[in-house]
Amino acid sequence: MDSSIKKIISSGLSSLSNLFASDKASQSVLGIDIGSSAIKVVQLKKKGGKAILETYGAISLGPYSNTDIGTVTNLGTDDIAKALLDVMKEANVTIRSGAIAIPSSSSLIFTISIPKNKNTDSQISTIIPLEARKYIPVPISEISLDWFVIPQEAEVFENNNQSKPLGIQAPPEPKVEVLIVAIHNDILLKFQEILTKTEIKSDSFEIEIFSNIRSSLSHDMSPVLLMDFGASKTKLSIVEAGVVRIFHVINRGSQDITKNISQSLSVSFAEAEKMKRHVGIDPNLDARASEIARLSVDYIFAETNSVVLAYEKKYNKSVSKVILTGGGSLLNGLLQYAVSSFHTEVVYSDPFSRIESPAFLSQVLETSGPEFSVAVGLALRQLS
């Protein structure tokens, strides 16, 4: 594969404290997030060691597939390229180079442990493909692999916090824990084709989860659950000390809520989308629509709780905070409902808080922040 697809995750796992370690003057950078129902772009520049917002924008992909806004699409590269150029034009994007996100749901993300010995470091590039194929359901020749060795400090931090049963124990066998990402080559070629058709230059891709982490998390050492509500899927990531410990995809998203409202109330998809955006799960606005929406949310939250419980049982630690991100997280009433469901601190991602922007935009950017978390994270990556 082309060198541009290499090192997909490494920079995504670098310390947030290094975001502005280098000085790239006032060069503008662009983050591009191509989702299943919309494209988001964010253009930043660095000045005086600070990230400055130059412009941002979003465009729905529904009309490009002759469907409604909010619909999950499966567009070809020609239509995606056209939509991307349209949103760049509408947002007055001034550059033709940037970073692009690969959807987390189009990849496999998992951790493995391998025995540690004096030859591990020199042999790891051979060991990883052999071990990874145990988890990958397609031939290894059809995918591209990237990996990140979890720092020793994280391993010690984990071991020191695990409960230890009574009695004499043999010393644990030394292990190296590795985070692995596998992406089908066809997905990477599709995104390369989009870049070619739009004449956008990019030296690498990044899995959206790592862009999300960069823009949404601070220096949290305790486990944090990042819930990314997309149109077709909800992605769960439990992140501890900057390391992704659990990644899980729930095959339900905001489009499912709209479909259920449409079918249950016998209204068009477009009308159901308007009802969802206005009512959400607030029964005071519309009892019937809110109850339908709540049923979909209950399914997502139930599966989320199962993932959290499995993590807590395995690592003997509790999730300290939940961060909501993605356009679907802006559902009216979702934050309060999440607090009652997870019994812990729940906040929205606020990626624009890391960026200098005009004061009159502060409220708008805070409200729309969760939708732009990936695009902001991609832009910040280029300023590091």
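Bear in mind that the values in this text are calculations on the coordinates, not laboratory data. Computed from a prediction, not measured in an experiment: that's the story for all the values here. When we count neighbours, we look across all protein chains shown, and the Cβ atoms used for this are built from the backbone with ideal geometry, even at glycine.
Report the relative contact order of the range 3-383, percent, no decimals, based on alpha-carbon pairs under 8 angstrom and at least 6 residues apart. Display every interim value, and only then the final one.
Working: 703 pairs, mean separation 85.1, N = 381.
The value is 22 percent.
Kindly flag which residue pairs out of Lys45/Lys116; Lys233/Lys321; Lys201/Lys235 have an alpha-carbon separation exceeding 32 Å in this structure. Too far apart for the 32 Å limit: Lys45/Lys116. The simple Förster model, with R0 at 30 Å and r as the Cβ-Cβ distance, assigns Leu335 and Lys274 a FRET efficiency of 0.90.
Residues in the range 234-239 carry Karplus couplings, in order, of 10, 9, 10, 9, 9, 10 Hz; the curve used is 6.51 cos²θ - 1.76 cosθ + 1.60 with θ = phi - 60°, and Gly or Pro positions show x.
In order along the range 134-149, phi translates into HN-Hα couplings of 5, 9, 9, x, 10, x, 4, 6, 8, 10, 10, 10, 9, 8, 9, 6 Hz, rounded to whole numbers, per the Karplus curve 6.51 cos²θ - 1.76 cosθ + 1.60 with θ = phi - 60° and x for Gly and Pro. The convex hull defined by the C-alpha atoms of the range 319-384 has an orientation-averaged projected area of 5.3 nm². Each residue, Glu356 and Thr94, gets one label point 7 Å from its Cα in the Cβ direction; the gap between the two is 1.5 nm.
Add -39500 (n - 2.57) for each DSSP H run of 4 or more in the chain, then divide by its residues: what number comes out at 222 nm, to the nearest 500 deg cm²/dmol?
-11500 deg cm²/dmol
By the beta-carbon count within 10 Å of each Cβ, the least crowded to most crowded order of Val41, Val29, fewest first, is Val29, Val41.
Can you pull a Stokes-Einstein diffusion coefficient for the chain at 4 °C (1.567 mPa s), Rh from Kirkwood over Cα pairs, as a whole number of µm²/s? It would help to have the intermediate numbers written out before the result.
Numbers: Rh = 21.9 Å.
Using the Kirkwood radius from Cα pairs, D works out to 59 µm²/s.
For the peptides 276-288, 344-356, what is the packing order when you average, over each peptide's residues, the other Cβ atoms within 10 Å and list the highest mean first?
Highest to lowest by the protection proxy: 344-356, 276-288.
Out of the DSSP beta bridges found with both residues in the chain, what percent are antiparallel (nearest 5)?
Antiparallel bridges make up about 75 percent of those DSSP assigns within the chain.
Could you give the DSSP H helices of the chain that reach 30 angstrom or more along their long axis (alpha carbon positions) and whose average Kyte-Doolittle hydropathy is no lower than -0.5?
Correct list, ordered by number: 287-315.
Neighbour counts of C-beta atoms inside 10 Å place Lys134, Lys233 in the sequence Lys134, Lys233, starting with the fewest.
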